[in-house]
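Please read the structure below before turning to the comments.
Just so it is clear, none of the values below were taken in a lab; they were calculated from the coordinates. Because the structure is a prediction, the values reported are computed rather than measured. As a convention, Cβ positions derive from the backbone with ideal geometry for all residues, glycine included, and neighbour counts pool all protein chains shown.
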Ligand code: ADP
């Protein structure tokens, strides 16, 4: 009898604790306008690649974006974003996400694992607790979008997060065109429906191959299966992402693909998918992410991390994107230029979609080659960090002297 009472009290206490934790999750998530899961029927179809590139596309469109990786057995987001080996930091009982550029915050289960082998022993209840802890303790602040990279299939992790989120906007389901992948996707869609989670759309990845030489897209597998299946299951189709070897290269080197290769077919496809997704959110109807993605990109020649006066012989370039709404630098990457030869740099920077070069000095021949490539040149800037120089230019406070090395 006494034992029964103790058990009942323990049950009640446990129930109260669960409710308190769920209230904390609810409170934390109330600061995030839209929560979108990225799911796939099976592994290897490019789900994490899609999750990262959707998140980057949203952040480049000026949306405050979070990216949460709960792929416990294969967290690949840190690798794709060059955050491998980073550990989670905390402050005042909250877990701090890692900031990447101006509008993107990232949290991954990998930031907590001493080694990948640690996750192998995790069972359902542990996964549920870990996901709950992420949702209640990660200090995202206010976000427009949270993109969640969930493990493939219909197992514990997607089930837990859908239940815990209570009001996610829905799921983007990633597939490849082959029939075997499509049958897995049908299962994913049925899974979402059984949990009342809207399917925001199907994205067909690895759909056709982009020739690295001529850019032509060839259908090496039959493409279009994703679209037909989406039609048959009455869910929106978000588009086709072709196979592009530069995606593998960008993922392996930790440089976000849609950022680095903005004019590629796959980057355009990602932007179109984001436009469809954002357009389907009634609160954001006034925005059009595809159009909003700004196009100003500044390059600055560097030596020892500072603006370098000898443009043609610099060690590397800082290539910076501009957030047009806030009129400031939103992200930077650095790249060593090819060997110095006449006419090489204007073409190389044009391939990096640079629109403005800020330099100390530059020969008049180089200046006219930049003009031919549609790139504006600002000369006479003095030393400073690339972000300082670029932000001064954007604010109209950049001091420019003479063209220092006009030869
Ligand atoms: P998943 O999360 O579904 O397991 P990943 O996103 O890790 O898959 O992608 C698996 C591999 O396929 C990675 O090496 C990635 O770079 C590559 N990949 C994904 N999408 C494409 C694509 N459209 N073109 C070329 N490679 C791709």
Report task. Over the range 295-395, calculate the relative contact order: mean separation of alpha carbon pairs under 8 Å at least 6 apart, over the residue count, as a percent. Result -> 32
Report task. Report, in degrees rounded to the nearest 10, the 0 to 90 angle that the Cα long axis of helix 386-395 makes with the longest principal axis of the chain. Result -> 80
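In what sequence, highest mean first, do 259-267, 198-206 appear when ranked by Cβ atoms within 10 angstrom?
Top to bottom by mean Cβ count within 10 Å: 198-206, 259-267.
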Report task. May I ask for the distance between the Cα centers of the range 126-149 and the range 1-55, given as a whole number of Å? Result -> 8
Query raised in the report: Among 16, 271, 26, which one moves the most in a GNM of the chain with springs linking Cα atoms closer than 10 Å?
Result: 16
**Report entry** Beta bridge orientation in the range 21-288: antiparallel %, DSSP, nearest 5
**Finding:** 20
Query - Listed residues 303, 232, 250, most fluctuating in the chain (Gaussian network, C-alpha, under 10 Å) - result: 232
Requested in this report: Specify the residue with the greatest mean-square fluctuation among 274, 322, 235, computed from a Gaussian network of the chain linking alpha-carbon atoms under 10 Å apart.
Outcome: 235
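Only Cα pairs under 8 Å and at least 6 apart count here; give the relative contact order of the chain as a rounded whole percent.
Here the relative contact order equals 15 percent.
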Report summary line: Calculated from DSSP helices alone, with each H run of at least 4 adding -39500 (n - 2.57) and the total divided by the residues of the chain, [θ]222 nm to the nearest 500 comes to -11500 deg cm²/dmol
Query raised in the report: Relative to the first principal axis of the alpha-carbon coordinates of the chain, what is the inclination of helix 2-29, with its axis defined by its Cα atoms, in degrees from 0 to 90 and to the nearest 10?
Result: 20
Query raised in the report: For the range 307-378 and the range 156-196, what is the separation of their C-alpha centers, rounded to whole Å?
Result: 44
